[in-house]
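**Q** First the structure, then my questions, so here it is.
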Amino acid sequence: LSKMGEFMLRERPVSMRVRNPEKMDKIQGALMAQGITVEPGNIFPDVIKASGYDTLMSIKAFAEGELVVQDESSMIPAAAAGIKPGFRVLDICAAPGGKTIQAADILGGEGTIVARDISRSRARRIEENAARTGLTDIRIELRDALKYYEEDEGSYDVVLADLPCSGLGVIGRKPD
């Protein structure tokens, strides 16, 4: 048990998805010029692992919305869902919005993305990430994922549901 605790408390790089893979080399170079250590992702070619920085907002590419903090494991559902431009996508329990933004990036402005969460404070996190990335076509709603909404039936091509969002996959980044 102590080895597990040691592992979870060890500092690890933060996974970030490069929203436009064509800019990967440019972004990596800019991060290294800022003194940030950059490693490739393990699963997806558009992921970098960054360490050696002060705050996320001190990373210019993050502040400008070119990077989204997102573990590779949380990228799998949207990547596997078969989302295509023109689809209607519903992301329930969506905060902080990583999968929502990933889905919106896949849609490329052609389609609908609705992001839901149960609390105003959690919905604000989605709003902040959407604003930072410049995505204006995400509709954010306060709704309980445990309730049935008749108007949803047959309305979406894809429903993303990260349930239950236990946080166990990122517990090492949550020392509290």
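**Q** For the chain, what is the number of Lys pairs with C-alpha distance below 29 angstrom, counting only pairs 8 or more positions apart or on separate chains?
**A** Eligible lysine pairs with Cα atoms under 29 Å apart amount to 20.
**Q** Residue-wise, which Karplus ³J(HN,Hα) couplings in Hz belong to segment 45-51, taking 6.51 cos²θ - 1.76 cosθ + 1.60, θ = phi - 60°, and x for glycine or proline?
**A** x, 9, 10, 10, 10, 10, 8
**Q** Here's something else I'd like to know. Whenever you get a sec, compute what percent of the accessible area on the chain sits on carbon and sulfur atoms (1.4 Å probe).
**A** Ligands and nucleic acids excluded, carbon and sulfur give 54 percent.
**Q** For segment 4-37, run through the trypsin sites (Lys or Arg not before Pro) and keep only the ones in DSSP coil with at most 10 other Cβ atoms within 10 Å of their Cβ.
**A** Arg10
**Q** Please report Rg over Rh for segment 41-174, where both radii come from the alpha carbon positions and Rh follows the Kirkwood definition.
**A** A ratio of 0.95.
**Q** For segment 30-114, count all C-alpha to C-alpha pairs, find those more than 19 Å apart, and express that count as a whole percent of the total.
**A** Percent of Cα pairs beyond 19 Å in segment 30-114: 44.
**Q** Order the peptides 101-114, 149-162 from the highest to the lowest mean number of other Cβ atoms within 10 Å of their residues.
**A** 101-114, 149-162
**Q** Sticking with this structure for a sec: What accessible area per residue, rounded to a whole number of Å², is obtained for segment 44-123 using a probe radius of 1.4 Å?
**A** 40
**Q** Continuing with this model, one more query. Restrict the search to segment 1-90; then list the GluC sites (Glu not before Pro) that DSSP places in a loop and that have at most 10 other Cβ atoms within 10 Å of their Cβ.
**A** Answer in residue order: Glu11.
**Q** For the chain, what is the percent of antiparallel DSSP beta bridges, rounded to the nearest 5?
**A** Of the beta bridges lying entirely in the chain, close to 45 percent run antiparallel.
**Q** Kindly provide the helix-only [θ] at 222 nm of the chain, computed as the sum of -39,500 (n - 2.57) over DSSP H runs of four or more divided by all residues, to the nearest 500 deg cm²/dmol?
**A** -9000 deg cm²/dmol
**Q** Continuing with this model, one more query. Work out how much length Ala131 to Arg12 would gain on full extension: take 0.36 nm times their residue separation and subtract the Cα-Cα distance, in nm to one decimal.
**A** Taking 0.36 nm per residue and subtracting the Cα distance, the gain is 40.1 nm.
The values are calculated or read from the model by the stated rules, or taken from the named source; none is laboratory data. Remember, predicted model here, so these are calculated numbers, not experimental data. Here the Cβ is made from the backbone with ideal geometry for all residues, glycine too, and neighbour counts use every protein chain on show. Keep in mind that these areas ignore ligands, DNA and RNA; they rest on the heavy atoms of the full protein, side chains included. Shrake-Rupley method; radii C 1.70, N 1.55, O 1.52, S 1.80 Å.
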